[in-house]
1. What about Arg263, is it under 19 Å from Ile239 (Cα atoms) and under 22 Å from the mean Cα position of the chain (by Cα)?
2. Which residues, counting only those in region 1-11, are touching a helix residue (DSSP H, G or I) at 6+ places or on another chain (Cβ under 8 Å) and within 15 Å of the ligand (Cβ to nearest atom)?
3. Keeping to region 213-238, report how many residues are more than 16 Å from the ligand (Cβ to nearest atom) and within 20 Å of Pro145 (Cα to Cα).
4. Kindly establish whether Trp248 is at pLDDT below 90 and among the aromatic types (Phe, Trp, Tyr).
5. Going by the structure shown, is Leu86 assigned to a helix (DSSP H, G or I), in contact with a Phe, Trp or Tyr (Cβ under 8 Å, 6 or more places away or on another chain), touching a residue at least 24 places away in the same chain (Cβ under 8 Å) and closer than 30 Å to Lys286 by Cβ?
6. Could you please let me know if Glu44 is surrounded by fewer than 22 Cβ atoms within 10 Å (Cβ to Cβ), within 16 Å of the ligand (Cβ to nearest atom) and either part of a helix (DSSP H, G or I) or touching a residue at least 40 places away in the same chain (Cβ under 8 Å) (or both)?
7. What's the number of the only condition in (1) within 16 Å of the ligand (Cβ to nearest atom); (2) outside any helix (DSSP H, G or I); (3) touching a helix residue (DSSP H, G or I) at 6+ places or on another chain (Cβ under 9 Å) that Lys117 fails to meet?
8. Going through Thr152, Thr187 one at a time, which residue ends up being of a type in the set (Val, Ile, Thr) and either more than 16 Å from the ligand (Cβ to nearest atom) or surrounded by 21 or more Cβ atoms within 10 Å (Cβ to Cβ) (or both)?
Amino acid sequence: MRAIDVHCHPSTKEHSVSVGKYMAALEAMLGRPMRSKSEDEMAEDFRRDDVFAMLIAMDAQAETGEGVITNDYIAGLTTRHPDVFLPGWAVVDPWKGKLALAELERAIRDLKLTGTKWMPILQGFYPHDHRFYPFWDLCQSLGAPVLIHCGTTAIGSGMEGGGGLKLDYARPLPCIDNIAADFPKLTIIMAHPAWPWTEEAIAILLHKTNVYMDISGWRPKYIPATLKAEMSRRLQDKILYGSDYPGWSPGQCLDELQMEGLRDGVIEKIFYKNALRALKLADKVKAAEAAARLRSK
Ligand SMILES: [Zn+2]
């Protein structure tokens, strides 16, 4: 296994249903159409790049009115393709209240998903708003890490009024810093380099042991210089590799990262060692490796 990709979205028809009215602007930004793939084609994309992937569900219905990618679908991908998909990320819409809390617990306990992903811009909520604290409390008690989108987003980009989406929900200070302080045993991964608030994110990463960052969604050469410099230094145990597939190709991001001239030993940490430790993935990776051996016989 070359890497663990902690941040992937399904490229199947479920993806276009969840992106909905934002698709045209997203395709314009990426400069290419996003053709829906079959499940087998999607699995093959990761097999070819020798990557174990963690896929993400979707539910921002209350705010965007778009379709849901269910937690059952994400869990089923691991069941159907155990050699390439590690148990991924559950998503619940925080505005669905008690129903969402129950669904989150079911997704972790019964479906055995690894953690939960949150998209404050799309879901229209501030993570540090105390009304949503029961979610962090539950995740902390379940030992389930949370992956929270930080910084700007491709969704709504280039649309009038950004499609009505507000970036302020994804600002690391105070959103992430507050919940990291109030839930010190909750493992938090800031998704993406948090631009234009990368320096705020670096400060939190240095200050709080329970906070990490995935560098998904950015071609390595465009990762802000301050962050890139710290990746080899003070943040070498805090950065997790992610691609943001299907927007970006996992293999291409890995190749480009390898060319960035990071210090010896740091590449292995970013490619998989940090994810193994922070997300406690050892057993899940062993199971995937066993499935891969079985498949190659
Ligand atoms: Zn993403």
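1. No; evaluated as a whole, the condition is false for this residue.
2. Within region 1-11, Asp5, Val6, Cys8, His9, Pro10, Ser11 meet the criteria.
3. So the count comes out to 4.
4. Yes.
5. Against the criterion (assigned to a helix (DSSP H, G or I), in contact with a Phe, Trp or Tyr (Cβ under 8 Å, 6 or more places away or on another chain), touching a residue at least 24 places away in the same chain (Cβ under 8 Å) and closer than 30 Å to Lys286 by Cβ), Leu86 does not qualify.
6. no
7. Result: Lys117 fails condition (3) only.
8. Of Thr152, Thr187, the one residue that is of a type in the set (Val, Ile, Thr) and either more than 16 Å from the ligand (Cβ to nearest atom) or surrounded by 21 or more Cβ atoms within 10 Å (Cβ to Cβ) (or both) is Thr187.
The values are calculated or read from the model by the stated rules, or taken from the named source; none is laboratory data. Every value quoted in this text rests on a predicted model; they were computed, and no experiment measured them. Reconstructed Cβ throughout: ideal geometry from the backbone, glycine too, with neighbour counts over all protein chains shown.
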